[in-house]
Amino acid sequence: MKPAFAPPHILFAALKALHCAAYTTRNWCLDETISRKQIGDLWEAMHDVPDILTRWRGEETERELHMYLKEYTEKWKQPNLQAYYEKYLDDEQKS
């Protein structure tokens, strides 16, 4: 079955949020004050993003993506994955 990719503006914004999660985790490895719980919650939110982006079904899948980002943001203040995603989504739509 051929993957149905997310539209380019969503793909770009979601990959930017995934990139943020990756470099944040890398930086947290140097900070002993960050809890394993927070790192686990971050990747619980982000681990499905690549799969979501390759099985795009429109609004239903977009709601799923937002659900994961919002879930993390409601638990932890930083990084604000939802705001990061929305910033890049807005930037891409304006270009």
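Please treat every number below as a calculation from the coordinates, not as lab data. Please read all numbers here as calculations on a predicted model, not as lab measurements. Please note: Cβ atoms are built from the backbone with ideal geometry, for glycine as well, and neighbour counts cover all protein chains shown.
For the stretch 55-70, a residue qualifies if it is surrounded by 13 or more Cβ atoms within 10 Å (Cβ to Cβ) and in a loop (DSSP other than H, G, I, E, B), and exactly one does: Trp56. Residues in the stretch 8-47 that are part of a loop (DSSP other than H, G, I, E, B) and surrounded by fewer than 13 Cβ atoms within 10 Å (Cβ to Cβ): Cys29, Leu30, Asp31, Glu32, Thr33, Ser35, His47. Residues in the stretch 6-41 that are closer than 22 Å to Lys77 by Cβ and more than 9 Å from the chain's Cα centre (by Cα): 20 in all. Within the stretch 71-95, the set of residues being out of contact with any helix residue (DSSP H, G or I) (no Cβ under 7 Å at 6 or more places or on another chain), part of a helix (DSSP H, G or I) and under 29 Å from Ile34 (Cα atoms) comprises Glu74, Ala83, Glu86, Lys87.
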